[in-house]
Amino acid sequence: MSFHMHLRAVQNSGVRLSYAWPEEFMGAAWDWDVHQAEYDAGIAESIEKDFSSVHELYEAGSGLSEGRGGAWELPVYGGDIVCHPEDEQPPFVHLTPDAVRRASAFLTDVSFDVLWETAGPKLHATFGPGWAEEDVRGIYVQHHADLRAFYQRAAVAGSAVVKAFWY
């Protein structure tokens, strides 16, 4: 089974918070040509399988000055939830441009080393005994770098972010 968190930057004026709009908007991005063009342009990002663990990594920053006020929640699960009318599908999530700026500031200001010191042992353990800590840490360093770059670009552009969780 495959599951992804997929993020797309968009001008907030184009966002509609009815379920049909993000379903169409996010669904259109899985067309390979659109998908690749958006990744190349830096206006889309995704994490396969590990997104919940990345959220746990950021949760370790909830007590830090950078994470206070809920900023640690924004990169993965935070935002305005747009539910399916009959709760049959995973929700979409919308971050306003202000929330995107807060997420970007958190990801820029927080020390990955401090997060890893707190959450790393637990995250490493979920990979099993065959995985070296440096290899697991490297996976999370890459996720953090990719999210930081994505949110920085979106914040500079004044964009909103729409997230989909595909299962």
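The values are calculated or read from the model by the stated rules, or taken from the named source; none is laboratory data. For clarity, every value in this text was computed on a predicted model and none was experimentally measured. Heads up, the Cβs are rebuilt from the backbone with ideal geometry, glycines too, and the neighbour counts pull from every protein chain shown.
State yes or no: is Glu66 in contact with a His (Cβ under 8 Å, 6 or more places away or on another chain) and acidic (Asp, Glu)?
Taking the combined requirement at face value, the residue does not satisfy it.
Of all residues in region 121-134, how many are touching a residue at least 12 places away in the same chain (Cβ under 8 Å) and either exposed (fewer than 13 other Cβ atoms within 10 Å of the Cβ) or touching an Asp or Glu at 6+ places or on another chain (Cβ under 7 Å) (or both)?
Adding up the residues that qualify gives 4.
Name the single residue that is nearest to His55 (Cα to Cα) among those in region 109-160 being within 17 Å of the chain's Cα centre (by Cα) and of a type in the set (Phe, Trp, Tyr).
Tyr140
Does region 52-94 hold any residues that are more than 14 Å from Ala119 (Cα to Cα), buried (at least 17 other Cβ atoms within 10 Å of the Cβ) and hydrophobic (A, V, I, L, M, F, W, C), and which are they?
Selection gives Ala71, Leu74, Val76, Val82, Phe92, Val93.
Okay, residues lined up against (1) in contact with a Ser or Thr (Cβ under 8 Å, 6 or more places away or on another chain); (2) within 19 Å of Val156 (Cβ to Cβ); (3) not aliphatic (A, V, I, L, M):
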| position | (1), (2), (3) |
| --- | --- |
| Ser65 | no, no, yes |
| Pro75 | no, yes, yes |
| Glu88 | no, no, yes |
| Pro91 | no, no, yes |
| Pro97 | yes, yes, yes |
| Ala119 | no, no, no |
| Ala125 | no, no, no |
| Pro129 | no, no, yes |
| Ala132 | no, no, no |
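Using the structure shown, decide if Ser46 is within 25 Å of Arg148 (Cβ to Cβ), surrounded by fewer than 16 Cβ atoms within 10 Å (Cβ to Cβ), at pLDDT 90 or above and under 12 Å from the mean Cα position of the chain (by Cα).
Answer is no for this residue.
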